[in-house]
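> I have a structure here, written as structure tokens, and I will follow up with some questions on it.
Any read-out appearing in this document is the output of simple, stated calculations on the displayed coordinates, not a laboratory observation. As the structure is a computational prediction, the values presented were derived from the model and not from experiment. Cβ: placed from backbone, ideal geometry, glycine included. Neighbour counts: every protein chain shown.
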Amino acid sequence: SDGILYGTIANPEHQVTHRYVNRGGDISKQLTESSTLFAMDAQSGDLLWRYDADHSIRHNAIAIGKNAAYLIDRPLAEFDREKGKKGEQALGVLVALDPRTGIVKWKQEKGIFGTLLAVSDEHRALLMAYQPTRFRLESEVGGRMAVHDTNTGERRWAKNINYQSRPLIKQETIYAQGGAWDLSTGKDRPFEFTRSYGCGILAAGQNLMVFRSATLGYVDFKEEKTVHNFGGMRPGCWINAIPAGGLVLVPDGSAGCECSYQNKTWMALQSQ
């Protein structure tokens, strides 16, 4: 809607290792870090600005809001290049850039630990967290969240939290596998969430959260917050169950899987 197209210049020299069980796999095209964030005019293709990192920008640590583009500039976690190798990643700098000019609006250098950002313009909140999923990188240590003010960069709260998924923001609440928390204060909110096996990322719309729970699992926010299942299908291991425009869109995630799922097809589900 603002006519700005964002992109990055990926770093091909930093290649993390495949994490799924003991299998290998060529992920040389699945790059996780970039050296530059840039913005273009979507109509003309003209370059508006570029931000060249002092160190590196993890792709998950970029969030685009209405009034700023946010990123974490921090040294590479080079130990992620070898599976099972432990290391301690250096802290970074949280940066807010003007979306039209790329001018730095503010920087926050104190305690920037996260590998992931998510923004709520409505609540002037920038969530910093980890992605502590199954088969994760060693640098995705998890166990902490923090929220910063999008206007000033000042920290509102930080908290040690045990969660096992990529968190998401729905209105005034942060949801993850492990609980729910008030976006403004970090206080616990009631949310009982358990699911069967499967990795996969939680995705949510205004009324529904979907995810893999063996088959397609979902929680209806308007009804009792319990997990239900739509059986016979296998969602994939990333974000491939998507609630959007009144539908739940689920591309087939069973290709190459030896499990006995009956429906090997793409689906679009509509509420009745």
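> List the GluC sites (Glu not before Pro) within the stretch 124-168 that fall in a DSSP loop (any state other than H, G, I, E or B) and whose Cβ has at most 11 other Cβ atoms within 10 Å.
On the way: sites: Glu138, Glu140, Glu154; in loops: Glu138, Glu140, Glu154.
The qualifying sites are Glu154.
> Along the Cα-to-C-beta direction of Val227, a point sits 7 Å from the Cα; which residues of the stretch 197-211 have their amide N less than 19 Å from that point?
Within reach of a label on Val227, which here means backbone N under 19 Å from a point 7 Å along Cα→Cβ, the stretch 197-211 contributes 197-205, 208-211.
> With the cut-off at 1.5 for a/c, could you classify the stretch 1-158 from its C-alpha gyration tensor as rounded, prolate or oblate?
It is oblate, given that a/c is not under 1.5 and a/b is not larger than b/c.
> If you don't mind, another one. Connecting C-alpha atoms closer than 10 Å in a GNM of the chain, tell me which of Gly178, Gly236, Gly245 has the biggest fluctuation.
Gly245
> May I ask you to list the aspartates and glutamates whose Cα is less than 13 Å away from that of Lys264, ignoring any residue fewer than eight positions away on the same chain?
Asp252
> Work out the length of the dipole vector of the chain about its Cα centre, built from +1 on the beta-carbon of each Lys and Arg and -1 on the beta-carbon of each Asp and Glu, and round it to the nearest 20 debye. Intermediate results must be reported in sequence, preceding the final value.
On the way: 32 positive and 30 negative charges, 126 e Å.
Computed charge dipole of the chain: roughly 600 debye.
> Report the calculated FRET efficiency for Thr101 and Arg81 (r = Cβ-Cβ distance, R0 = 30 Å), to the nearest 0.05.
Working: r = 35 Å, r/R0 = 1.18.
E(calc), rounded to 0.05, equals 0.25.
> Distance in nm between label sites at His123 and Arg189, each 7 Å beyond Cα in the beta-carbon direction?
Roughly 0.5 nm, to one decimal.
> Within the stretch 177-272, report the trypsin sites (Lys or Arg not before Pro) that DSSP leaves as loop and that have at most 11 other Cβ atoms within 10 Å.
Those that pass, being in a loop and sparsely packed, are Lys187, Lys222.
> How high is the FRET efficiency between Ser28 and Trp238 when r is their beta carbon distance and R₀ equals 22 Å, given to the nearest 0.05? Kindly include the intermediate steps, with their values, before the conclusion.
On the way: r = 18 Å, r/R0 = 0.82.
E(calc), rounded to 0.05, equals 0.75.
> Moving to a separate point now. If the limit is 25 Å between Cα atoms, which of Lys66/Lys225; Lys29/Lys85; Lys159/Lys222; Lys170/Lys225; Lys83/Lys170 go over it?
Details: Lys66/Lys225 31 Å; Lys29/Lys85 22 Å; Lys159/Lys222 28 Å; Lys170/Lys225 14 Å; Lys83/Lys170 34 Å.
The pairs that break the limit, which is 25 Å between Cα atoms, are Lys66/Lys225; Lys159/Lys222; Lys83/Lys170.
> Select from the stretch 62-149 those chymotrypsin sites (Phe, Trp or Tyr not before Pro) which occupy a DSSP coil region and have at most 13 other Cβ atoms within 10 Å, ordered by residue number. Provide the component values of the computation, followed by the final result.
Values: sites: Tyr70, Phe79, Trp106, Phe113, Tyr130, Phe135; in loops: Phe113, Tyr130, Phe135.
The qualifying sites are Phe135.
> Pull up the cross-link candidates among the aspartates and glutamates for Lys86, meaning alpha carbon to alpha carbon under 18 Å and not fewer than 8 places away within one chain.
Of all the aspartates and glutamates, those that pass the test against Lys86 - Cα under 18 Å, at least 8 places apart if same chain - are Glu78, Glu138, Glu140.
> Using the Karplus equation 6.51 cos²θ - 1.76 cosθ + 1.60 (θ = phi - 60°), what ³J(HN,Hα) coupling, rounded to whole Hz, does each residue of the stretch 64-81 give in order, writing x for Gly and Pro?
10, x, 5, 10, 6, 9, 10, 8, 10, 9, 8, x, 5, 8, 5, 5, 5, 6
> Subtract the Cα-Cα distance of Ala42 and Gln171 from 0.36 nm times their separation in residues, and report this length gain in nm to one decimal. If you can, show how the numbers build up before the last one.
Values: separation 129, 0.36 × 129 = 46.44 nm, distance 2.87 nm.
Going from the current span to full extension adds 43.6 nm.
> Given H placed on each backbone N at 1.01 Å, which residues far from Phe221 in sequence or on other chains put an amide H within less than 5 Å of it?
Here Leu208, Met209 satisfy the definition.
> Checking the cross-link filter: which aspartates and glutamates have an alpha carbon closer than 15 Å to that of Lys110, excluding same-chain neighbours under 8 positions apart?
List returned: Asp73, Asp149, Glu154.
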